[in-house]
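Take a look at the structure below.
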Amino acid sequence: QVQLVESGGGLVQAGGSLRLSCAASGLTFSNYGMGWFRQAPASKERLFSAAISPSGSTYYADSVKGRFTISRDNAKNTVYLQMNSLKPEDTAVYYCNADYYRTPSARVRGGYWGQGTQVTVSS
């Protein structure tokens, strides 16, 4: 049974930083592209933020490029999202996504999701 468990969310002031983690189990982690999506308050849509391919290539939405960094540790079955220079508009529930041999993107979502972690950025 595949499980993705996010952690690291919280309340932070604008300009601050947070590091999200997503621990995966029940899959061969190195074979999966991993992504982070976010769903803002009152929005029904999960929007792409960042992704990392099985080989380690990284991709970012324009809204987070230069501020967020995605990385993975295959030995720990974990993907991270380092978020710097946070803005109030980054406030959202952040979800981890896993895609077998593909890389999640704005158009492609994998079949596995975590439960989400709340990030709130105050102004």
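The values are calculated or read from the model by the stated rules, or taken from the named source; none is laboratory data. Here the structure is a predicted model, which is why all the values come from computation and not from measurement. With ideal geometry, Cβ positions are generated from the backbone for all residues, glycine too; neighbour counts draw on all protein chains shown. Just the protein is used for accessible areas: all its heavy atoms, side chains included, with ligands, DNA and RNA removed. Shrake-Rupley method; radii C 1.70, N 1.55, O 1.52, S 1.80 Å.
Could you please state, rounded to a whole Å, how far the C-alpha centre of the stretch 104-118 is from the C-alpha centre of the stretch 1-69?
After rounding, the separation between the Cα centres reads 8 Å.
Using DSSP to define loop residues, name the trypsin sites (Lys or Arg not before Pro) in the stretch 77-120 whose beta-carbon has at most 13 other beta-carbon atoms within 10 Å.
Hits after loop and neighbour filter: Arg107.
Find the accessible area per residue for the stretch 4-123; the probe is 1.4 Å, ligands and nucleic acids are left out, and the unit is Å².
Numbers: 5840 Å² over 120 residues.
Ligands and nucleic acids excluded, the figure is 49 Å² per residue.
Using a probe of 1.4 angstrom, how much of the accessible area of the stretch 1-82 is carbon and sulfur, in percent?
The value for the stretch 1-82 is 46 percent carbon and sulfur by accessible area.
Answer with one residue from Gly116, Leu86, Ala106: the one whose Cα lies farthest towards the positive end of the charge dipole of the chain, charges on Cβ with Lys, Arg +1 and Asp, Glu -1.
Looking along the dipole axis, the top candidate is Ala106.
So what's the convex hull volume per residue for the Cα atoms of the chain, in Å³?
With only Cα atoms used, the chain gives 90 Å³ per residue.
Relative to the Cα centre, what is the charge dipole magnitude of the chain, using +1 at the beta carbon of each Lys and Arg, -1 at the beta carbon of each Asp and Glu, and rounding to the nearest 20 debye?
120 debye
Mean separation of Cα pairs under 8 Å and 6+ residues apart, divided by the residue count of the chain: what relative contact order is that in percent?
The value is 36 percent.
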